[in-house]
1. Which one of these is of a type in the set (A, V, I, L, M, F, W, C) and within 18 Å of the chain's Cα centre (by Cα): Leu198, Leu209, Leu227?
2. Could you tell me whether Ile161 is in contact with an Asp or Glu (Cβ under 8 Å, 6 or more places away or on another chain), assigned to a strand (DSSP E or B) and within 13 Å of the ligand (Cβ to nearest atom)?
3. Taking only region 1-43 into account, find how many residues are within 24 Å of Arg64 (Cβ to Cβ) and basic (Lys, Arg).
4. Note down all Cβ pairs under 6 Å where the first residue falls in region 61-79 and is among the basic types (Lys, Arg), the second is more than 10 Å from the ligand (Cβ to nearest atom), and they're at least six residues apart or on different chains.
5. Just one of Asp170, Asp204 is touching a Phe, Trp or Tyr at 6+ places or on another chain (Cβ under 6 Å) and either modelled with pLDDT under 95 or in a helix (DSSP H, G or I) (or both); which is it?
6. Do you know which of the residues in region 171-190 that are more than 10 Å from the ligand (Cβ to nearest atom) and in contact (Cβ under 8 Å) with a residue 12 or more places away in the chain is least open to solvent (accessible area, probe 1.4 Å)?
7. Out of region 238-257, which residues are part of a strand (DSSP E or B) and either out of contact with any Gly (no Cβ under 7 Å at 6 or more places or on another chain) or aliphatic (A, V, I, L, M) (or both)?
8. Can you find even one residue in region 129-142 that is surrounded by 14 or more Cβ atoms within 10 Å (Cβ to Cβ), within 13 Å of the ligand (Cβ to nearest atom) and farther than 19 Å from Arg64 by Cβ?
Amino acid sequence: MSSDPDPAVIARLRSAGCVFAEEEAGLLAAAARTPADLAALVELRVAGLPLEQVVGWAEFCGLRIVVDPGVFVPRRRTELLAREAIAAATPSAVVVDLCCGSGAVGAAVFAARPHIELYAADIDPAAVACARRNLPGARVYAGDLYSPLPVALTGRVDVVIANGPYVPTDEIALLPAEARLHEPRVALDGGPDGLDVLRRVIADAPRWLAPRGHVLVESTRDQAPHLVAAVRRAGLSPRVSDCVESEATVVIGTREARR
Ligand SMILES: C[S@@+](CC[C@H](N)C(=O)[O-])C[C@H]1O[C@@H](n2cnc3c(N)ncnc32)[C@H](O)[C@@H]1O
């Protein structure tokens, strides 16, 4: 269908509280094949589904990433993690995107470094299926963190990326309804202080990293000092990258050439 926004759709979205009703109406019209299709998409959006799950894609690092229902919607703030991973990856690097969700971060790195060897993994089967659509050039596994990766990768990985869950359990109730009701709890809940999964990512990284390899994780700015301590405990050298404008923080641990 034409992507010209229909005034009736704009009004319906606006009355449901959609702040960018005009823009959303255009995206919904472009995603619909028929008027009946459009009506169904509008109803899903009015019911509170994230726009990206309704239209089936999200923009990330200039790419169109497929987002299936029930899969975490990649956030713009995570583009910092992707940029840091691209900077860390040599053209032929071995890169692992853990907690890959839709595979957005891995896809961004692959777009910038098309000759890397890319692996991705997630514990949620819906995310794995979605990531396989976004990462046709990668091997995508289902399972807990590093456990599904081929053993042959031990000590060979140049860049481990993880945007895992990092919301403290008690703060889940404070999240916007779109996230709380339509994104899986496993994508959000990081345990009592939010860092259960990311600490495990960092603690197990040395076993997988090649000399001078890097592990990169996204967190909040307040959580970063705790992750820097985890990086030091793992015997890696820490660095923090922060972007005030996008409220993004990335903690990086580097394995020195000699340990
Ligand atoms: C915040 S979402 C981020 C997804 C994706 N990296 C992104 O930036 O869009 C966290 C993801 O971690 C996955 N996850 C949570 N715990 C996990 C675990 N123990 N092992 C593997 N994946 C896990 C969730 O299923 C979810 O897809």
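1. Numbers: Leu209 fails: within 18 Å of the chain's Cα centre (by Cα); Leu227 fails: within 18 Å of the chain's Cα centre (by Cα).
Leu198 is the lone residue from the list that is of a type in the set (A, V, I, L, M, F, W, C) and within 18 Å of the chain's Cα centre (by Cα).
2. Working: in contact with an Asp or Glu (Cβ under 8 Å, 6 or more places away or on another chain): yes; assigned to a strand (DSSP E or B): yes; within 13 Å of the ligand (Cβ to nearest atom): yes.
Answer is yes for this residue.
3. Residues that pass the stated criteria total 1.
4. Partner pairs satisfying both residue conditions: Arg64/Trp57; Arg77/Ser246; Arg77/Glu247; Arg77/Ala248.
5. Values: Asp170 fails: touching a Phe, Trp or Tyr at 6+ places or on another chain (Cβ under 6 Å).
After ruling out the rest, the residue left standing is Asp204.
6. Only one residue tops the list, namely Ile172.
7. Taking region 238-257 first, the residues part of a strand (DSSP E or B) are 238-243, 248-254.
Hits for region 238-257 are Arg239, Val240, Ser241, Asp242, Cys243, Ala248, Thr249, Val250, Val251, Ile252, Gly253, Thr254.
8. Yes.
The values are calculated or read from the model by the stated rules, or taken from the named source; none is laboratory data. Everything numeric here is computed off the predicted structure, so don't read it as measured data. Methodologically, a virtual Cβ is constructed for each residue, glycine included, from the backbone with ideal geometry; neighbour enumeration extends over all protein chains shown. These accessible areas exclude ligands, DNA and RNA; they are computed on the full protein's heavy atoms, side chains included. Shrake-Rupley method; radii C 1.70, N 1.55, O 1.52, S 1.80 Å.
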